[in-house]
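The values are calculated or read from the model by the stated rules, or taken from the named source; none is laboratory data. Keep in mind it's a predicted model, so treat the numbers as computed, not measured. Glycine gets a Cβ as well: all are built from the backbone with ideal geometry, and neighbour counts include every protein chain shown. Accessible surface is based on the protein model in full, side chains and every heavy atom, while ligands, DNA and RNA are left aside. Shrake-Rupley method; radii C 1.70, N 1.55, O 1.52, S 1.80 Å.
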Amino acid sequence: MRLSRYFLPILKETPKEAEIVSHRLMLRAGMIRQQSAGIYSWLPLGHRVLRKIERIVEEEQARAGAIQMLMPTLQSADLWRESGRYDAYGKEMLRITDRHERDMLYGPTNEEMITDIFRSYVRSYKDLPLNLYHIQWKFRDEVRPRFGVMRGREFLMKDAYSFDLTQDQAVESYNRMFVSYLRTYKRMGLTAIPMKAETGPIGGDLSHEFIVLAETGESEVYCHRDFLDKATPGIDTDFDGDLTPIVRDWTSLYAATEDVVDKAEFEASVPEDKRIVARGIEVGQTFYFGTKYSEPMGAKVATAEGTEEPVHMGSYGIGVSRLLGAIIEASHDDAGIIWPIEVAPFHVGLINMRPGDDLTDPVCEDLYARLEASGIEVLYDDTSKSAGAKFASMDLIGLPFQVVAGPRGLKDGLLEVKDRKTGEKEMLTVDATIARLQAALTL
Ligand code: ATP
Ligand code: MG
C-alpha cells in the first residue's frame, strides 16, 4: 500500500478524552474514530488489525471443531421472553420498537437465538456434539463506556455455543474451547490466564474468564505467578482427543477474579513469593450452563433409549474489538504501538527518504514489488513529509519492521532495517533485506 494513496489520519496532539494508553494510541494512529459514546468507526488501519484478529479467532475455532455462521444484530423480544431474560436483562439492553409496534432489541449476546435455531433443526443425539459460532457486533448500553474499544457500547464479539447430550460430553466441549482460547490469545502475543469467574446474566455453574494482566484493567485478580511462563498447547493439539490433562494443568494453579476470590484459599494454596494481586483485562469468557436455555425453550433431542432430553449447552465469548486495546496495553513504548507480527496491520514500513530521487525511487519500487510478491505486506511511505515526521509516524503505528531508503546508505547499495520491538538497526543490501524480512516474518 502506498501511503500517498492510503487513508491514515494521524493526529499530532494527544486527544484529551483518552484516559489510557491504548485508547490514546488508537486515536493518534488513525485507527478508530468515535461516532457517539462507545460507538466507533474503524478506519482503514484499525480495520486491518480487527480483520487479522478475526482471522486468528476463525482459524482456532475451526481447529477446535466450531462451525462458523452469522446471526443478525437485531432480535425479536419474544425469544427473550421465552427464556425469561427480556425483563431480567435491565438497561444494558437496547430495546427498539419497529413500525408495527413489535418489540425488538439489538443483541447483547445470542443464547436465545442459537437455541431457537437448534430446536428448529436438530432432533437426535446422533447430530451431537455441535458447536456453532459467529463473529457479530453486539450492543450493550454500558453506563460508562470508556477506554475506547475496551468498553464500548457497540463491540465485536465472537460467540460460540455448544450442544451436547450429557453433562460429561458438554464438559468435553467446554474443554475444547478452553484449550482453543489459550492458543488463540497466545498467537496474538498475549498471555491470557483462565480464572474462576462469576457467571453473571448468562448464568451457569462452570465458568472461566480469560484475563490479560494490565494496570489499566478493570477487574482485580488473584493468581499464581507460574501462569506467566506456562507453555501454551501447541499446534499439534488433538482436539478430538482427551483434553482433560491440559485443562487440569491450567486450572490446578489458583486464579480468580475479585467477584469470586476466596482470599484464605488463595493464601493457603499460593506461596507468598508466587502471589500476584493485580489488575486485568477480560478478553474472553467460557460458560457451561447445562439446560438453562434448552429447558424453557424446548431444545430437546431424542436419546438412544427413545426418550427426549433437553440439551446441555455452553457459550464461549471472545472480545474481538476489545483485543486491540488489550494487545496495545501489553505491547507499546513511548513512541507508539509495537504490533506482534500476527496482528500487525502491515508487516513492513518502507520509508523513501527522498521521493522523486533517481537513487531512492527505483530501489524502493523494486523492493516494494518484491516484498509484496513474496506475501509480505508493505506500507510504502512515498510522501514528501519530513524525515522526522515519517519516522515518528512509523514508530507510532508500530509495524514490526521499518526499512529506510536514503541517499547516504544507497551510495553503498545499503538500506537500513529497523526492528520496531528491539530498536536494533542493520545496514543491508536489497537482497539481504528481503532475506532478512522473509526469515523474520516466517512467510
Ligand atoms: P465485562 O465484565 O467486561 O462487562 P462481560 O463479562 O459482561 O464483560 P461477556 O458476556 O463475558 O462480557 O462477553 C464476552 C466478551 O466480550 C468479554 O470477555 C469481553 O472481552 C467482551 N466484552 C464484553 N463487554 C464489552 C464491551 N462493553 N466492550 C468491548 N468488549 C466487551
Ligand atoms: Mg464476561
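Points to keep in mind about this one:
- Test: residue in the range 267-274 that is at pLDDT 95 or above, under 25 Å from Tyr181 (Cα atoms) and open to solvent by 70 Å² or more (accessible area, probe 1.4 Å): no
- The residues listed here are Pro362, Pro296; of these, the one that is surrounded by fewer than 20 Cβ atoms within 10 Å (Cβ to Cβ) and not assigned by TED's automatic domain parsing to the domain that holds Arg140 is Pro362.
- Strands (runs of 3 or more DSSP E) (entirely within the range 172-240) containing at least 2 residues that are assigned by TED's automatic domain parsing to the domain that holds Glu111 and away from ligand 2 (no atom under 16 Å from the Cβ): 219-224
- Meets criteria (surrounded by 11 or more Cβ atoms within 10 Å (Cβ to Cβ), of a type in the set (S, T, N, Q) and at pLDDT 95 or above) for Thr216: no
- Filtering Gly336, Gly349 for residues that are on the phi > 0 side of the Ramachandran plot and in contact (Cβ under 8 Å) with a residue 12 or more places away in the chain leaves a single hit, Gly336.
- Qualifying positions in the range 382-435 - assigned to a strand (DSSP E or B), closer than 25 Å to Ile10 by Cβ and either open to solvent by 60 Å² or more (accessible area, probe 1.4 Å) or in the same structural domain as Leu27 (by TED's automatic domain parsing) (or both): Lys425
- Note on the range 5-34: among residues that are within 24 Å of the chain's Cα centre (by Cα) and assigned to a helix (DSSP H, G or I), the one that is nearest to Arg51 (Cα to Cα) is Met26.
- In the range 113-132, the count of residues that are open to solvent by less than 10 Å² (accessible area, probe 1.4 Å), within 16 Å of ligand 2 (Cβ to nearest atom) and within 22 Å of Glu58 (Cα to Cα) is zero.
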